[in-house]
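Encoded as structure tokens, the structure appears first; notes follow it.
Every number here is computed from the coordinates shown, using simple stated rules; none is lab data. In this text, all values refer to a predicted model and were calculated from it rather than measured experimentally. Please note: Cβ atoms are built from the backbone with ideal geometry, for glycine as well, and neighbour counts cover all protein chains shown.
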Amino acid sequence: MDSAVLVLNRNLYAVQVASWQRALNLLYLGRAQVVDDNYQTYDFCDWLELSRKIKEHPAGFIHTPRIRIAIPEVIALKFFDQVPSHGVPFTRRNIYQHYGYRCCYCGKRFPTSELNLDHVIPRSRGGGTDWSNIVTACIPCNLKKGNRTPQEAGMRQVIKASRPKLHRALAFMIKSPVRIRGSWQRFIDKAYWDGLIEEEP
């Protein structure tokens, strides 16, 4: 059972990913509605009734002694219309994950014990400590570069410094990795989401 549910604001913009328990709770309390592929919405009673008629559902069903309800793939909040910032927290762990535990200079993968964080433009030259200037570097590449720019050290950046894309930010919002469902794609703002989204087969 895939527990991830995409949560939209009332204007149908993606705002977070929630567990199925949280999604059904919001639906039951009347704070959210299920949204289907045709943008039709269902409150809890309507969704419960529809669930009785559905034989198969991609996200599965929850069974209790009295009811059988399909796990929604997408819900929309009824009273929330803001679009919160989805920035991925700038932490060492998230930086390692963002670059796939690879050295951005030689491109090889390393354990965290053999990776350093490198300022592309050294701090002594005014380089910032943020997503636009921090990359991961293996210890040999980090020592070779030293307190110089890659150009000065005669090194090429195989992987450029970058900020994580929005779909990565959604993945960071829950404790386990999330697979972006194909049914979510229509609700994702194309201006912010890139083509790396892994859709369902």
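Worth pointing out:
- Under a model in which nothing but the beta-carbon of Lys, Arg (+1) and Asp, Glu (-1) is charged, segment 92-145 shows a dipole of about 80 debye around its Cα centre.
- Global geometry of segment 1-103, whether rounded, prolate or oblate, following the gyration tensor of its Cα atoms and the 1.5 cut on a/c: prolate
- Fully extending the segment from Thr129 to Gln185, taken as 0.36 nm per residue of separation minus the present Cα-Cα distance, adds 16.9 nm.
- Of all DSSP beta bridges in segment 1-145, antiparallel share, percent nearest 5: 85
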